[in-house]
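Heads up, the thing below is written out as structure tokens.
The values are calculated or read from the model by the stated rules, or taken from the named source; none is laboratory data. From a predicted model like this one, the values you see are computed outputs, not experimental measurements. Cβ placement follows ideal geometry from the backbone for every residue including glycine, while neighbour counts extend to all protein chains displayed.
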Amino acid sequence: MNKKTLLSIAALCAAATTTALFTGCSGDSSANSGISPQKMADALHLVMKSDRTVYTRNVVNRLVKQDKVIKASEHWADEQALPLPAQMFRMGAEMVAKESNGEFSYSLQSIWPINKQNAPKTEVEKAGLQYVADNPGENYYGEETLGGQKYFTGVYADTGVAAACIDCHNEHKDSPRTDFKMGEVMGGVVIRIPID
């Protein structure tokens with residue numbers, strides 16, 4: 001795909017997601033329409049997955065694996081390298097946490113985390129990550145109460161989309177698993193939305 005096509009697809013995804021969020025995914029923009037937590041989580045995930053895939057394939061994989069002009073590193077700031085896709089994702093999640101007033105949160109987790117802080121902590125996270133690993137192409141939805149607040153939680157598979165992902169996980173000294181293949185589930189995106 002050329003750059004113009006990629007930009008057009010990204011713009012369409014953003015426009016579709018914005019329209020869905022404000023019209024309740026029904027095309028009805030009346031004051032009484034709303035969006036279910038599941039539809040909101042699905043729409044948010046579509047944007048996250050698209051951005052993550054584009055960065056991984058068209059920036060990291062191209063510049064590191066194909067053109068070999070720069071490396072990607074956990075220590076990107078010190079080494080003048082590209083941030084790893086997981087680091088870019090986490091930086092975005094941290095910015096959302098600061099600016100969203102608790103409207104939603106998201107994280108990248110795995111049952112095989114390189115960084116132990118990315119391991120599942122709640123029962124819903126554990127069940128969801130195992131479910132998406134065992135059922136490719138399916139999402140997991142649940143509800144949980146944390147700190148007295150009830151949440152809708154969606155868990156979505158995060159798959160290896162480029163050689164850079166697969167090689168990094170398979171070759172990392174702290175990786176608990178070293179046999180990932182292209183397209184295989186490597187973890188999951190956990191999206192949490194407060195509900196009444």
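Laid out as a table, the results:
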| item | result |
| --- | --- |
| Test for residue 145: is it part of a strand (DSSP E or B), among the polar types (S, T, N, Q) and without any contact (Cβ under 8 Å) to a residue 24 or more places away in the chain | yes |
| Given (1) of a type outside the set (Lys, Arg); (2) in contact with a strand residue (DSSP E or B) (Cβ under 9 Å, 6 or more places away or on another chain); (3) closer than 13 Å to residue 164 by Cα, number of the condition residue 58 does not satisfy | (2) |
| Unmet criterion (only one of (1) surrounded by fewer than 17 Cβ atoms within 10 Å (Cβ to Cβ); (2) of a type in the set (Val, Ile, Thr); (3) not in a strand (DSSP E or B)) for residue 60 | (1) |
| Residue match in the stretch 73-85 (condition: modelled with pLDDT of 90 or more, under 13 Å from residue 165 (Cα atoms) and part of a helix (DSSP H, G or I)) | yes |
| Single residue of the stretch 63-91 satisfying the filter (in contact (Cβ under 8 Å) with a residue 40 or more places away in the chain and surrounded by 15 or more Cβ atoms within 10 Å (Cβ to Cβ)) that is farthest from residue 170 (Cα to Cα) | 89 |
| Residues of the stretch 123-170 that turn out to be more than 11 Å from residue 192 (Cα to Cα), of a type in the set (Asp, Glu) and surrounded by 20 or more Cβ atoms within 10 Å (Cβ to Cβ), as a count | 1 |
| Residue that is farthest from residue 168 (Cα to Cα), among those in the stretch 114-137 that are touching a strand residue (DSSP E or B) at 6+ places or on another chain (Cβ under 8 Å) and assigned to a loop (DSSP other than H, G, I, E, B) | 122 |
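Each row is one residue, and each column tells you yes or no for (1) modelled with pLDDT of 95 or more; (2) part of a loop (DSSP other than H, G, I, E, B).
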residue: 4; (1), (2): no, no
residue: 21; (1), (2): no, no
residue: 42; (1), (2): yes, no
residue: 49; (1), (2): yes, no
residue: 70; (1), (2): no, yes
residue: 107; (1), (2): yes, no
residue: 112; (1), (2): yes, yes
